[in-house]
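Derivation of every value follows stated rules applied to the coordinates shown; laboratory data play no part. Keep in mind that what you see is a predicted model, and the values were worked out from it rather than measured. When we count neighbours, we look across all protein chains shown, and the Cβ atoms used for this are built from the backbone with ideal geometry, even at glycine.
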Amino acid sequence: MINDVRAIILAAGKSTRFKTKKSKLIHTICGQPMIVYPAKLLESLNIPITFVLGHQAENVKKAIEKSKTKSCDFVTQKELSGTGNAVSCTKETWDKNNLLILNGDTPLLTPDLIEITLKKHKDENADLTMLTTYMISPKGYGRVIKKNNQIKIIEDKNCTEEEKEINKVNTGIYLISKKFLEDNIDKIQKNSASGEFYLTDLVEMASKQNKKVLDVPVGYDFVRGVNTLEELWAAEQITRSQLMKRFMNNGVRFELAQNIHLDIDVEIGTGSFIATGVHLLKGAKIGEDCFVGAFSIIDNTTIGDDSKIYSHCVMQDTTIGSNAKIGPFARLRNNVILKDYVTIGNFVELKNTQIDEYSKAKHLTYLGDSRIGKHVNIGAGTITCNHDGINKNPTIIEDESYIGSNNTLVAPLKIEKNAYTAAGSTITHDVPKDTLAIGRSRQVNKNGYAKKLKNIKKKECEIDEIKAKIKNDEHEETQRINFVGAVKTKNKQETSL
């Protein structure tokens, strides 16, 4: 049956209820655009797809192409005049005897659900199979109405008050025989209220023609549409919960699961612990028996077995070996490679840097465009000056070297094996093997200078006190003169009276 099905995904709508500038279909759920979910589902079943694009067509198409979905065609609905018109636009792609029609905003569909639908459609020799569900609050959904052995779907805005109380709703997912669709798609009449062509009218048309209409009820969570940002949040919660359950069943512990963000293509090994507030983003791969501390962000990063990532670390495009210790408050980005047993401490930033086994950079350090050997110690406060205003230059530190605290390493620079640099140094030239490099001004002690400074300061304070007293006396004298003048003026006034 699968070999005789083509899918049509409707992805032309304006997403008006999202109230955002971009199409809802490119908003992500667990790191993947919403439109990619049904696309990847159908691809996994080897069902070719026709996408109907309209609003922001180029952006939606780019999202699909970026996902590298195979066996898909694109059709543009030039005038957004309803789902019936959207399906009609795809006629030239109807190369199978059955057409599976669904909306692009159904990210929770499962392969099992599609396979069951295909099987029932075939077994019942149905002309039209539709998926329905029940909702407590069905506002916005078309109601499924059965009466006198006839079945039809009435859109929410066209329902009477009595019909709005019906809880059985249309999911927008259909499996229709090509023959029936060819005979009837152009017979759909424009709705007088909305001016649109409703695909749902086919259900009533099939029923009146005594065609086999199959109603397959399914659980709401599998077929829920996403029409608002609130519904997007709900769909992501469900998707994330499903991912976490899978990991939990394989021995992964989430400290506070409801506060952890997890993208769809993340890997976590058995025995690992993920603390609260952690974000595991696209491409994150956590080994076995790892610890990822609270509020860390792991993006497109591989972490080896038995490694510890302490709280508030941010790492992107990084590869970390086994038994490493990172953080807290470390930032690793842009092609960082750390070998086994490396230690990176608090407030350390690494960019485009490789550090070999057993090396350490524990405190307040920046290493950019660097290549660090084995058993190297990087002192606190050390930075590599990798940019000269025009180009970025490399720093190479070979095995067993020791870099003192508060070093400024001006690239391009090479520090050879077992070399030392003194604390507080600015190193501008290569350091040979087994050498101590000192790049700082010589210390000079001036005896008695502190006492002399204190005496000068004391005299300055005395002068300031005298000036303040004089200023105060002048202020008091001015007030006295003003007072005497005021008294004389008052006496003159009394005498004249």
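A straight line joining the Cα centroids of region 228-307 and region 438-455 runs 57 Å.
Considering the convex hull of the alpha carbon atoms of region 254-337, report its projected area averaged over all viewing directions, in nm², one decimal.
4.2 nm²
Using the rule -39500 (n - 2.57) for each DSSP H run of four or more residues, divided by the residues of the chain, the 222 nm mean residue ellipticity is -8000 deg cm²/dmol.
Report the FRET efficiency, 1/(1 + (r/R0)^6), for K122 and N334, where r is their Cβ-Cβ distance and R0 is 51 Å, rounded to 0.05.
Values: r = 53 Å, r/R0 = 1.03.
E(calc), rounded to 0.05, equals 0.45.
Treating cross-link reach as a plain straight distance, find the aspartates and glutamates whose alpha-carbon is under 15 Å from the alpha-carbon of K157, omitting any fewer than eight places away in the same chain. In chain and number order, the partners are E165, E196, D201.
Are any of the pairs K19/K282; K139/K212; K308/K360; K122/K164; K24/K146; K122/K147 more than 23 Å apart by Cα-Cα distance, and if so, which?
K19/K282; K139/K212; K122/K164; K24/K146; K122/K147, as the Cα separations exceed 23 Å there.
With the simple model of a label 7 Å out from the Cα in the direction of the Cβ, T428 to D73 spans 6.9 nm.
Per residue, the average separation of C-alpha pairs within less than 8 Å and at least 6 apart gives the chain a relative contact order of 7 percent. Between amide H atoms placed 1.01 Å from N, distances below 5 Å from V252 occur with G271, all of them 5 or more places distant or on a separate chain.
Across the alpha-carbon set of the chain, the Rg to Rh ratio works out to 1.28, Rh being the Kirkwood radius.
For V444 and K469, what does the FRET efficiency come to when R0 = 51 Å and r is the distance between their Cβ atoms, rounded to the nearest 0.05? Mind dumping the intermediate values first?
Working: r = 40 Å, r/R0 = 0.79.
With a Förster radius of 51 Å, E is 0.80.
For region 399-415, 3J(HN,Hα) computed residue by residue from phi via the Karplus equation (6.51, -1.76, 1.60; θ = phi - 60°) reads 3, 6, 7, 10, 9, x, 5, 6, 8, 10, 9, 8, 7, x, 8, 10, 10 Hz, glycine and proline entered as x. Only the Cβ atoms of Lys and Arg (+1) and of Asp and Glu (-1) were treated as charged; on that basis the dipole of the chain about its Cα centre amounts to roughly 1540 debye. Under the rule a/c < 1.5 gives rounded, and otherwise a/b versus b/c splits prolate from oblate, where does region 1-101 land using the Cα gyration tensor? Since a/c reaches 1.5 but b/c is at least a/b, the shape of region 1-101 is classed as oblate. What number results when the radius of gyration of region 352-462, computed over Cα atoms, is divided by 2.2 N^0.38 Å? So region 352-462 has a normalised radius of gyration of 1.41. Contact order for region 386-476, expressed relative to its length and based on alpha carbon pairs under 8 Å spaced 6+ residues apart, stands at 18 percent.
Residue by residue, region 444-458 carries 3J(HN,Hα) couplings of 10, 9, 10, 5, x, 5, 5, 5, 4, 4, 5, 5, 4, 5, 5 Hz when phi is fed to the Karplus relation 6.51 cos²θ - 1.76 cosθ + 1.60 (θ = phi - 60°); x denotes Gly or Pro.
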